[in-house]
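Here is the structure we will look at.
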Amino acid sequence: DDYARFWYTGHDGRIQPHLHKYSNWAPASLYGRYLVNQDKQLLVSLLDGFVQDYQKWIELKGVDNGLFWQYDVRDGMEEQISGGRHVKNLRPTINSYMYGNAIALANMYKLEENPGKEKYFLAKADTLKNLIQSRMWSKNSSFFETIGENGEFANVREAIGYIPWYFNLPDEGYEIAWQQLMDPEGFLAPFGLTTAERRHPEFRTHGCCQCEWDGAVWPFAT
């Protein structure tokens with residue numbers, strides 16, 4: 001199943017990556033790897049493919065306001081309180097990943113000494129950063145939240161609200177969200193950090209399958 005998530009057989013019979021189906025931050029990860037091993041040749045060889053993939057995400061999952069949507073199941077986070085396997089929500093996950101990837105692509109073009117394309121992806125990242133902070137930050141919960149198809153906040157704090165910090169995205173002023181990490185009514189539990197706040201009335205209510213992110217502790221998320 002994991003193999004099928006990321007690869008598919010093309011019309012020519014060749015196995016090809018399916019990176020624009022399941023959310024990922026491959027460009028950001030590979031750039032981080034480059035910072036360690038300084039393998040510029042590998043990084044640059046992947047650049048054209050990464051750019052094509054980025055544009056494909058805009059085509060498939062971009063919305064008019066500049067943000068991106070994703071099903072929770074294709075974020076690898078099934079059955080969230082805020083989500084659904086067939087619900088096109090604006091999620092902190094995919095939008096943070098696209099921000100991180102844009103920054104990475106800008107850095108790759110800097111290595112290539114291509115200031116025009118570097119500037120293009122820096123602008124993409126800047127736009128996403130502003131949108132995430134202005135549109136996805138819930139003042140009521142002091143947290144980055146999922147926005148539903150109705151344009152309203154899901155009204156639940158979930159672990160995915162911390163993902164913007166994985167890419168060093170938020171400016172100062174959003175740190176209040178981290179108070180929930182050590183709150184027993186928030187994410188603090190006896191055996192790890194929950195994937196949804198424990199105070200929410202739908203905490204651990206789905207009971208449908210083995211891939212629930214409605215509060216269950218997942219080591220990857222922890």
- With a 1.4 Å probe and all protein chains in place, put 139, 117, 56 in order of accessible area, largest first. 139, 117, 56
- Diffing the stretch 177-186: the Karplus 3J(HN,Hα) column from phi (6.51, -1.76, 1.60, θ = phi - 60°), in whole Hz with x for Gly and Pro, holds 4, 6, 5, 5, 5, 10, 9, x, 8, x
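Ignoring ligands, DNA and RNA, what accessible area per residue does the stretch 170-222 give at 1.4 Å, in Å²? The partial results should precede the final answer.
Numbers: 3360 Å² over 53 residues.
Per residue, the stretch 170-222 has 63 Å² of solvent-accessible surface.
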- Item | Proximal lysines to residue 56, defined as alpha-carbon separation beneath 21 angstrom and excluding residues fewer than eight positions away on the same chain | 21, 88, 117, 119, 124, 129
- Query: Per residue and in Å³, how big is the convex hull formed by the alpha-carbon atoms of the chain?
  - Reply: 150 Å³
- Query: For the stretch 43-111 and the stretch 171-222, what is the separation of their Cα centres, given in Å?
  - Reply: 23 Å
- Query: When the helices in the chain are scored as -39500 (n - 2.57) per DSSP H run of 4 or longer and the sum is shared across all residues, what 222 nm value do you end up with, to the nearest 500 deg cm²/dmol?
  - Reply: -12000 deg cm²/dmol
- Task: Determine the gain in length on full extension of the stretch residue 172-residue 40; use 0.36 nm per residue of separation and subtract their C-alpha separation, reporting nm with one decimal.
- Result: 44.2 nm
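Using C-alpha positions alone, give me the convex hull volume of the stretch 74-122 per residue in cubic angstrom. It would help to have the intermediate numbers written out before the result.
Working: hull volume 3.8 nm³, N = 49.
Looking at the stretch 74-122, the number lands at 78 Å³ per residue.
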- Message: Using just the Cα positions, wrap the stretch 28-150 in a convex hull and report its mean projected area in square nanometres, one decimal place.
- Response: 8.5 nm²
- Item | Principal-axis tilt of helix 40-61 within the chain, Cα atoms, nearest 10 degrees | 50 degrees
- Query: About its Cα centre, how strong a charge dipole does the stretch 32-173 have in debye, to the nearest 20, once Lys and Arg get +1 and Asp and Glu get -1 at the Cβ?
  - Reply: 120 debye
- Query: How big is the stretch 117-163 on each of its three principal axes, counting only the C-alpha atoms and giving the largest first in Å?
  - Reply: 38, 22, 15
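When the accessible area of the chain is computed with all protein chains present and a 1.4 Å probe, what percentage of it is carbon and sulfur?
Details: 6120 of 12000 Å².
Within the chain, the accessible surface is 51 percent carbon and sulfur.
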- Task: Compute the Kirkwood hydrodynamic radius of the stretch 51-106, taking the inverse of the mean of 1/r over all pairs of distinct Cα atoms, and give it in Å to one decimal.
- Result: 11.7 Å
- Item | Calculated from backbone phi, Karplus (6.51, -1.76, 1.60) coupling profile of the stretch 136-143 in Hz, x at Gly/Pro | 9, 8, 8, 5, 5, 9, 6, 7
- Query: What does the accessible area of residue 46 come to, in Å² to the nearest 10, when a probe of 1.4 Å is used?
  - Reply: 60 Å²
- Task: Take the chain, connect every pair of alpha-carbon atoms lying under 10 Å apart with a spring to form a Gaussian network, then pick out the residue of 165, 25, 69 with the largest mean-square fluctuation.
- Result: 165
- Item | Max mean-square fluctuation residue, GNM over the chain, Cα-Cα springs under 10 Å, options 71, 97, 34 | 34
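The values are calculated or read from the model by the stated rules, or taken from the named source; none is laboratory data. Note that the structure is predicted; figures quoted are calculated from it, not measured. We place every Cβ from the backbone using ideal geometry, glycine too, and count neighbours over all the protein chains shown. With ligands, DNA and RNA removed, areas are computed over all heavy atoms of the protein, side chains included. Shrake-Rupley method; radii C 1.70, N 1.55, O 1.52, S 1.80 Å.
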